[in-house]
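Single-structure report; data block below.
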Amino acid sequence: MTTNTRTESRPLPAARTRGAVAALTMLPAIAPLGLAVGVALADMSTSPLISWLSAPLMVAGAAQLVLLGQIDSGSAFLPAAAAAILLNARFVIYGAALARRFSTSQPAWFRAIGPHYIVDQTYAMSLNDIADSDSDETFRRYFMTAGTLLWASWSATVAVGILIGPVLPPQIPLDFVLPASFVALIAPTITRPHEVVTVLVGAVAVVATASSSTALAVAAVGGAAIGAIGRRSS
Amino acid sequence: MNAAAALCAATVGTFALRQLSVRALANRELPPVVGHALRHAALAVMAALVMSSLPTTERLDLPTAAAIAGTGAACVIARRTRNLAAAIAIGLVVYAALR
């Protein structure tokens, strides 16, 4: 589950602090992204309350935009929801990679609520911050602290975006916030040649396929194949 | 009404997706090769998300030069400093200057 090589489990009280620090470090990426999504949602015909509720309920910026964008353009609710759910299929992959940490040794409340916090950012943070040797309790404290802070930040910044969207000057390049945030998130984790190839496969999948949902599926399969081959040959 | 129904359906569907693999695999030790494959699948998906969200040219539907330059700048700063805020800020500045 992690690329970390530390061997000793860290003390429990530090887990919450580490989670909070990790979430605060992520804030500069979350805040502009939430703001950009909020501004885009403010531009749509759906009620501001429904637009904002998509943030705490879905916690998935791209899917929120797809869902309400489809509704805005006159789509029926089922196709719109299906497109958003398809875009979120990557959470199955993140969940599978983190599944060991949600075993039945964890309290039921954590196994019910914790997965709601599985997003691109918490997945990447767990990969960087949690070692195999860290206990399940350490993971739970870390993940709940970081996840709750990110969830609250996301909900708050989307609300601000919806409120101030109509008065923001058009010079601010909000359309570039999402790619810049993701690049900043994944670039430091790429250290090996086959990881570079994996990134290229993901990028090519988008150019070679017609829809973003298909691209994500092709990228997932291609990335998994490279990962499996890389593991066998190393 | 349509928006509220769509939001409910998407919320339930997304919650189910997040629970699906966690519940199914929670008490199973995955072989190392599968764990490795999953990590790479996630990385490729994130790369695809970046690519699909880049501003594109109208004619060829490929990323604009400004978007490529901004992405490159954010990448370099992120790798050198591991500072998310700086990487995003530099990427945005480069993109805004060239678009």
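Nothing in this text is a laboratory measurement; each read-out follows from the coordinates by a stated rule. None of the values given here were measured: they were computed from a predicted structure. Don't worry about glycine lacking a Cβ; one is built from the backbone with ideal geometry, like all the others, and counts go over all protein chains shown.
Can you tell me how many residues within the range A:212-231 are under 25 Å from B:ALA66 (Cβ atoms) and surrounded by fewer than 22 Cβ atoms within 10 Å (Cβ to Cβ)? I'd like the intermediate steps shown before the answer.
Let us first name the residues in the range A:212-231 that are under 25 Å from B:ALA66 (Cβ atoms), namely A:212, A:215-216, A:219.
Cutting the leftovers down to surrounded by fewer than 22 Cβ atoms within 10 Å (Cβ to Cβ) gives us A:212.
Number satisfying all stated conditions: 1.
Could we say that B:PRO55 is in contact with a strand residue (DSSP E or B) (Cβ under 9 Å, 6 or more places away or on another chain) and surrounded by fewer than 24 Cβ atoms within 10 Å (Cβ to Cβ) here?
Values: in contact with a strand residue (DSSP E or B) (Cβ under 9 Å, 6 or more places away or on another chain): yes; surrounded by fewer than 24 Cβ atoms within 10 Å (Cβ to Cβ): yes.
For B:PRO55, the condition - in contact with a strand residue (DSSP E or B) (Cβ under 9 Å, 6 or more places away or on another chain) and surrounded by fewer than 24 Cβ atoms within 10 Å (Cβ to Cβ) - is met.
Tell me, yes or no, whether the range A:86-103 has at least one residue that is out of contact with any strand residue (DSSP E or B) (no Cβ under 8 Å at 6 or more places or on another chain), farther than 18 Å from B:ALA16 by Cα and among the polar types (S, T, N, Q).
Within the range A:86-103 (the criterion being out of contact with any strand residue (DSSP E or B) (no Cβ under 8 Å at 6 or more places or on another chain), farther than 18 Å from B:ALA16 by Cα and among the polar types (S, T, N, Q)), the answer is no, since none of the residues qualifies.
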